[in-house]
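Enquirer: Quick one: this structure, given as structure tokens, is what I'll be asking you about.
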Amino acid sequence: MSRHISSLLAIAAVCVTLTPAPASAQAPKKAPVDCTQVKCVALTFDDGPGKYAGTLLDTLKKYDAKATFFLEGQYVKSRPQFVKRMAAEGHELGNHSYKHPDFRTLETWEIRAEIKKTQDEIKKAAGVEPKLLRPPYGMADLTVSEIATEFGMPIILWTGGSEDWKTKNVEAIKKKTLEVAKPGSIILMHDWVKQTVDAMPSIVKSLQKKGYHLVTVSDIVKNENLQPGDVFPVPEGWEK
Ligand code: NI
């Protein structure tokens with residue numbers, strides 16, 4: 001009997017010894033998602049980092065989902081720790097101006113300053129420079145396109161909106177987001193809307209259940225061969 005127990009203990013000891021380190025401690029780097037082979041959708045969060053960004057990042061991490069954040073320089077400056085975390089956790093960072101003015105009302109030097117100051121703040125916070133521009137309100141014209149070209153950035157708009165800023169309702173945000181989610185979608189959301197952050201666990205689970213991979217904008221546009229100054233998706237009537 002005692003011998004039986006001791007051999008069980010020996011087996012238990014071996015099991016303990018052989019138990020690998022927790023996956024999170026040293027997870028191997030996964031192969032990148034190929035959006036030509038699987039269904040992809042890019043969730044994008046504008047105007048942040050908002051005050052709920054930490055909770056949002058926790059959710060994304062929990063479900064192994066990536067997102068793209070089009071950041072305002074003024075909030076990068078006041079909440080740099082979120083920006084650092086976004087980059088460290090594999091999310092993409094984009095430039096959404098410093099203080100969110102309508103670029104059409106600005107002089108060209110002011111537009112350049114809005115973009116440059118934001119690039120500088122993001123670089124300072126996270127050590128990376130955004131390669132994508134989303135002008136406030138999605139207002140892109142030829143002047144903005146020319147300036148984006150100087151910065152080496154394509155302009156990224158969206159294919160569908162969650163309308164979260166309008167409804168501010170968890171169920172409505174979820175419904176709208178799932179409605180506009182199609183393979184290759186770029187969806188507009190905001191991390192300053194608390195209900196969006198509250199809805200995220202359910203949205204991510206539903207999308208993944210439908211077979212979607214939540215990826216960055218760069219993953220989605222990989223094969224579009226976008227050049228600096230290009231606008232994607234191309235707005236109706238756009239001519240360059
Ligand atoms: Ni905005």
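Enquirer: If we keep just the residues of region 88-101 that are more than 16 Å from the ligand (Cβ to nearest atom) and crowded, with 17+ Cβ neighbours inside 10 Å, which is nearest to Asp198 (Cα to Cα)?
Expert: His91
Enquirer: OK, next. Quick one: which of Phe82, Phe70 is among the aromatic types (Phe, Trp, Tyr), modelled with pLDDT of 95 or more, at negative phi and within 13 Å of the ligand (Cβ to nearest atom)?
Expert: Phe70
Enquirer: Same structure again: Looking at region 44-71 only, could you name the residues that are hydroxyl-bearing (Ser, Thr, Tyr), over 17 Å from Ile186 (Cβ atoms) and touching a Lys or Arg at 6+ places or on another chain (Cβ under 8 Å)?
Expert: Those that are hydroxyl-bearing (Ser, Thr, Tyr), over 17 Å from Ile186 (Cβ atoms) and touching a Lys or Arg at 6+ places or on another chain (Cβ under 8 Å): Tyr52, Tyr63.
Enquirer: Exactly one condition in (1) at pLDDT 95 or above; (2) closer than 16 Å to Gly229 by Cβ is not met by Lys62; state its number.
Expert: Of the numbered conditions (1) at pLDDT 95 or above; (2) closer than 16 Å to Gly229 by Cβ, the odd one out for Lys62 is (2).
Enquirer: Checking Ser162 against (1) without any contact (Cβ under 8 Å) to a residue 40 or more places away in the chain; (2) more than 16 Å from the ligand (Cβ to nearest atom); (3) touching a strand residue (DSSP E or B) at 6+ places or on another chain (Cβ under 9 Å): exactly one of these is not met. Which one?
Expert: With (1) without any contact (Cβ under 8 Å) to a residue 40 or more places away in the chain; (2) more than 16 Å from the ligand (Cβ to nearest atom); (3) touching a strand residue (DSSP E or B) at 6+ places or on another chain (Cβ under 9 Å) applied to Ser162, the lone miss is (2).
Enquirer: Inspect region 58-67 for any residue being within 16 Å of the ligand (Cβ to nearest atom) and assigned to a helix (DSSP H, G or I) and give the result as yes or no.
Expert: Within region 58-67, not a single residue is within 16 Å of the ligand (Cβ to nearest atom) and assigned to a helix (DSSP H, G or I).
Enquirer: Identify the residue in region 127-146 that is surrounded by fewer than 22 Cβ atoms within 10 Å (Cβ to Cβ), hydrophobic (A, V, I, L, M, F, W, C) and not in a loop (DSSP other than H, G, I, E, B) and, among all such residues, is nearest to the ligand (Cβ to nearest atom).
Expert: Val144
Enquirer: To continue, here is another question. When you scan region 178-200, how many residues do you find that are more than 16 Å from the ligand (Cβ to nearest atom) and touching a strand residue (DSSP E or B) at 6+ places or on another chain (Cβ under 6 Å)?
Expert: Residues flagged as more than 16 Å from the ligand (Cβ to nearest atom) and touching a strand residue (DSSP E or B) at 6+ places or on another chain (Cβ under 6 Å) within region 178-200 amount to 3.
The values are calculated or read from the model by the stated rules, or taken from the named source; none is laboratory data. Computed from a predicted model, the values in this text were never measured in an experiment. Please note: Cβ atoms are built from the backbone with ideal geometry, for glycine as well, and neighbour counts cover all protein chains shown.
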